[in-house]
Structures are given as structure tokens and as C-alpha cells.
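The values are calculated or read from the model by the stated rules, or taken from the named source; none is laboratory data. Please read all numbers here as calculations on a predicted model, not as lab measurements. Using ideal geometry, Cβ is built from the backbone for each residue, glycine included, and neighbour counts are taken over all protein chains shown. What goes into the accessible areas is simple: the full protein's heavy atoms, side chains included, and nothing from ligands, DNA or RNA. Shrake-Rupley method; radii C 1.70, N 1.55, O 1.52, S 1.80 Å.
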Amino acid sequence: MNVVGQEIVRVYPDSKSERKEALLLKEHSLLIKVNGTAWTSLVCSDTNLMELVAGHLFSCGLVETKDDIARIDLNSDKSEAAVCLSRSLDAPVPLKKIEAAACEPEWIFNLAKAFSNDSALHKRTAGTHSCILAKKGQPLFVAEDIGRHTALDKALGWMLLNGVPAGQAMLYTSGRVPVDMVEKVVRARVGVLISKSVPTAQSVALAKDFGLKLFFRAWPDSFDAAVWS
């Protein structure tokens, strides 16, 4: 992930200050073309771009399975991803009710503890969001990105490309959970979403409608669970 040094002045309440160098993440622009036509442009970090493309198409409902993607080609500077689909869908895959998913409290605490260890990049920059893809509380893949949506897409793309059954997967995100993130998870058929932060009222309502188990303020010593009754 590209970073650059930036000279800064850190100021303290007692009026003292010091000059330091801060490491800042560089934004990366990625144009996604589907069957030769521009689909969307994403601002992201420059790692796990194949997973990002697959996960974005998956969470937007453009593909349902790995087999729907014939190939993904990145150009030399990774600014464009050319996707060839093996089949075209007439309309985005609709949201469907999720089958009940298992989730034990110890699994949530395990992921919260894993997240609290932090990544080397976040420790250096404080500029990334993370999304952990897990099974029974054991991390399978950790995605980092400047945005929480793109980090989520990377995790979903890894799940899709590596054949992890959605019904056995769970996701832990570092960021707040707006309604469009819940839509992505529901469309991907993952039954458990955990956040270090909080959802919106609309997110909780959508999760309830489609059977998504939603946990938030998930820290090593406690978590909140949305109650549907």
C-alpha cells in the first residue's frame, strides 16, 4: 500500500510543538470496465485489487457466483480492471432473506481481540479501515483500505474467489455501518456482520427484514446485539 511522508507540526495544550514526519496513504483510482463498458470508478488503496473488483461486482448484484466471472485483467499501472463476464444479468441480484446463521459470543470476542492487535500499516498511518472475513471466529482474510466499503468489498471478493460458503462466513468491520453496507452483506448472503462502531437506524431495520445478525460496539470486553423482538 503506497504511503508518502509529510512534514507536520504537532501542537500540544501547553503551547509546545514539535516538527515530525507523518505517513499518509496515497489514494488509488480504479476504473472497472465490464464486457468493454465502463461500469464504475472506485477510490481505494492499491492492494488486493482483484478481490476488490470481484467483491464489488458481487456486492452490487452484478454476479452471483465465481463462475459468472470469466476473467479480470488489470492494466500495467493498475488503474483499470477489465472484467469479462461469462453471463450477463438482466437486473441486479435482488436482496433475499438470509438463512439463520450461527454465531457464538466467543467468536465475536475472538475477532474483537484480533482486531485490537491492529495492523502494522494502521499503526504507522492511522489511515485505514479493516474488514475481517472469518469462520467460527477464526480470521481467514484481513482486508485494509482507505474506505470501509472498499475494505468490505475486498473481504467479500476473497470469499467469492476462494470458494468460502457464505453461510459459514462472518464479517468484522472497523467502521460505522450505513444501510448500503448492510445491503452489500445481505446480497452476498453472509449471515453475521460485526462492527467495532455502530449502525444506523435504517441499517438495523434492513438487517431485521432480511435476517442478518448484527452486532456492534464489539470490543474485547463487550458487544451490543440488535434485538428483533
- Send over the semi-axes of the chain's equivalent ellipsoid, whole angstrom and largest first, taken as the square roots of 5 times the C-alpha gyration tensor eigenvalues. 30, 26, 14
- Message: My understanding is that a pair violates if its Cα-Cα distance is over 24 Å; which of 26/66; 26/213; 78/213; 136/213 do that in this structure?
- Response: 26/66; 26/213; 78/213
- Could you work out how far apart the two model spin labels at residue 76 and residue 11 are, taking each label as a point 7 Å from the Cα in the direction of the beta carbon, and quote it in nm? 4.6
- Message: Just to verify a number: FRET efficiency for residue 205 and residue 138, C-beta to C-beta distance, R0 = 45 Å, to 0.05?
- Response: 0.90
- Where the accessible area of the chain is counted over protein heavy atoms with a 1.4 Å probe, how much of it, in %, is carbon and sulfur? 50
- Assuming R0 = 30 Å, can you tell me the calculated FRET efficiency for the pair residue 102 and residue 27, based on Cβ-Cβ distance, to the nearest 0.05? 0.20
- Using a 1.4 Å probe, what is the accessible area per residue for the range 33-132, in Å²? 53
- Message: Which log10 I(q)/I(0) values does the range 1-73 give at q = 0.14, 0.26, 0.28 Å⁻¹ under the Debye formula, counting every alpha carbon as one identical point scatterer?
- Response: -0.59, -1.20, -1.29
- Query: Could you give the distance between the Cα centres of the range 69-83 and the range 134-192, to the whole Å?
  - Reply: 22
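Nearest 500 deg cm²/dmol is fine: what mean residue ellipticity at 222 nm does the chain get from its DSSP H runs of n ≥ 4 alone, each adding -39,500 (n - 2.57), divided by its residue count?
-8000 deg cm²/dmol
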